[in-house]
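See below for the structure under consideration.
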């Protein structure tokens with residue numbers, strides 16, 4: 001009786017072991033590729049999968065997106081600049097059967113293709129394009145890698161260049177170039193401002209020249225603004241017309257006319273409410289030498 005019980009327990013244990021070996025549970029993102037006696041029996045899952053013990057062999061395949069860090073690659077750009085570039089690629093399996101039957105290791109194969117494509121594509125671009133046109137380069141990398149991995153049932157959804165390392169000497173040269181470019185823009189803007197200011201001043205001079213008394217009024221207005229700040233120094237702009245006799249070579253200076261013009265200007269200052277310290281104290285204005293002098 002004891003031997004029968006032991007035999008039954010052994011049989012039950014074998015049945016449980018066989019049942020455990022023939023039952024598999026797959027998650028929602030997993031698929032099973034079943035081989036029966038070495039031949040492809042099809043794709044199964046997700047959920048409960050029953051296998052024939054000793055006959056069927058199952059390979060799990062994940063359908064989730066995989067993040068692949070492409071190791072840094074040393075490249076030489078089209079303008080002969082050495083750079084070190086690393087990137088990241090995102091891919092997923094869309095055909096589990098092809099990813100198992102047509103390729104030995106889809107993950108490793110995709111990594112190698114990404115590294116090779118990264119060197120070949122970026123080697124055809126110059127340094128400026130590598131730094132400023134990353135979106136176009138990312139799209140080109142994604143299309144090329146996806147075309148090569150499509151027969152394996154792998155879909156590359158995105159490739160991004162993470163970092164571009166260039167030699168320190170090239171970094172200093174680029175910094176000098178950027179500084180020179182900034183200086184050039186500053187000079188152009190400054191020259192443009194001078195041109196606009198000169199244009200406005202020319203238009204203002206044209207308007208004032210149509211009324212000769214306008215410049216005198218502008219003088220008096222300026223003096224009023226200076227005097228309102230309680231300054232001890234008065235700047236008196238002398239009209240150029242008063243110095244015109246001195247500019248004529250060999251022509252005598254009419255002292256009487258010069259005194260009359262200065263007196264008129266002083267009266268204008270007093271009328272504007274601005275007076276020099278000498279005029280405010282009531283001191284007598286020094287007389288001018290009435291002897292005509294001729295320029296040598």
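The values are calculated or read from the model by the stated rules, or taken from the named source; none is laboratory data. None of the values given here were measured: they were computed from a predicted structure. Reconstructed Cβ throughout: ideal geometry from the backbone, glycine too, with neighbour counts over all protein chains shown.
For every residue, the table says whether it meets (1) under 19 Å from residue 151 (Cα atoms); (2) without any contact (Cβ under 8 Å) to a residue 60 or more places away in the chain; (3) in the same structural domain as residue 148 (by TED's automatic domain parsing).
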| position | (1), (2), (3) |
| --- | --- |
| 1 | no, yes, no |
| 21 | no, yes, no |
| 39 | no, yes, no |
| 47 | no, yes, no |
| 50 | no, yes, no |
| 55 | no, yes, no |
| 84 | no, no, yes |
| 95 | yes, yes, yes |
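Considering only the stretch 10-19, I want to know if a residue exists there that is outside the structural domain of residue 102 (by TED's automatic domain parsing) and either surrounded by fewer than 10 Cβ atoms within 10 Å (Cβ to Cβ) or touching a strand residue (DSSP E or B) at 6+ places or on another chain (Cβ under 7 Å) (or both). Taking every residue of the stretch 10-19 in turn, none turns out to be outside the structural domain of residue 102 (by TED's automatic domain parsing) and either surrounded by fewer than 10 Cβ atoms within 10 Å (Cβ to Cβ) or touching a strand residue (DSSP E or B) at 6+ places or on another chain (Cβ under 7 Å) (or both).
Condition check ((1) surrounded by 13 or more Cβ atoms within 10 Å (Cβ to Cβ); (2) in a strand (DSSP E or B)) across all residues:
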position: 5; (1), (2): no, no
position: 24; (1), (2): yes, yes
position: 32; (1), (2): yes, yes
position: 43; (1), (2): yes, yes
position: 48; (1), (2): no, yes
position: 59; (1), (2): yes, yes
position: 64; (1), (2): no, no
position: 72; (1), (2): yes, yes
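Within the stretch 74-88, being surrounded by 13 or more Cβ atoms within 10 Å (Cβ to Cβ) and not in a strand (DSSP E or B) holds for 77, 78, 81. Residue check: residue 167 meets all listed conditions (1) touching a helix residue (DSSP H, G or I) at 6+ places or on another chain (Cβ under 7 Å); (2) under 30 Å from residue 83 (Cα atoms) but one, namely (1).
Just one of the listed residues (211, 186) is free of Cβ contacts under 8 Å to residues at least 24 places away in the same chain and not in a helix (DSSP H, G or I), and it is 211. I'd like to check something: does the stretch 63-77 contain any residue that is more than 30 Å from residue 131 (Cβ to Cβ) and modelled with pLDDT of 90 or more? Looking through the stretch 63-77, at least one residue is more than 30 Å from residue 131 (Cβ to Cβ) and modelled with pLDDT of 90 or more. Would you check if there is a residue in the stretch 153-173 being surrounded by 12 or more Cβ atoms within 10 Å (Cβ to Cβ), outside any helix (DSSP H, G or I), assigned by TED's automatic domain parsing to the domain that holds residue 95 and without any contact (Cβ under 8 Å) to a residue 24 or more places away in the chain? The answer is no; no qualifying residue exists.
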